[in-house]
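Notes follow the structure.
The values are calculated or read from the model by the stated rules, or taken from the named source; none is laboratory data. This is a predicted model, so every value here is computed, not measured. Positions of Cβ are backbone-derived with ideal geometry, glycine not excepted, and every protein chain shown enters the neighbour counts. When the accessible area is computed, the model is the full protein with side chains, heavy atoms only, and any ligands, DNA or RNA have been set aside. Shrake-Rupley method; radii C 1.70, N 1.55, O 1.52, S 1.80 Å.
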Amino acid sequence: RRDDRCAHRLADLDSRQTDPAPGSKHEQNFAFLKVRTLFESCLRSMAWGGRALVVGFASGDIPKVAVNLTLLKGCAIVGVFWGAFRKIEPKEDAANFAQLFKWFEEGKLAPQVSKAYPLADAGQALSALVNREVVGKVILTP
């Protein structure tokens, strides 16, 4: 199941390449993910001075990271606990949401929607989430 989700994300990131040839970058990415965690792979591919935001652990595994990668990349790993941030810095949280909605209205953000369900089918939507059949967002409509 996790391989399917990784494959989907890689296809998303590298959608211009449709037929991965043996030895190609696309095929190497899949092999790479089998040896390293996705987090480590992302950290290794980060540009100088980047920030890796730790929001949660969807795969269930909590990755261990070689701290020397932060030195090599001049990057930071930042924990994001939104619930605590919202309570401690409510004005900043509100400003962040205002900015997100502005970007959405301007078309700068395009959330990936797996499926939209009518509100009456909320149980089916919840089942899809629980069964990990969703990549992206599930939307309930009135």
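Tabulated data
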{"quantity": "Cβ pairs under 6 Å, 6+ apart, first in the stretch 35-55 and modelled with pLDDT under 85, second not in a helix (DSSP H, G or I)", "calculated": "THR37/PRO63; PHE39/PRO63; VAL55/VAL80"}
{"quantity": "Matching residues in the stretch 79-129 - criterion: being among the β-branched types (Val, Ile, Thr) and either open to solvent by 70 Å² or more (accessible area, probe 1.4 Å) or in contact (Cβ under 8 Å) with a residue 40 or more places away in the chain (or both)", "calculated": "ILE88, VAL113"}
{"quantity": "Which numbered condition GLN17 fails, given (1) in contact with a helix residue (DSSP H, G or I) (Cβ under 6 Å, 6 or more places away or on another chain); (2) in a loop (DSSP other than H, G, I, E, B); (3) modelled with pLDDT of 55 or more", "calculated": "(3)"}
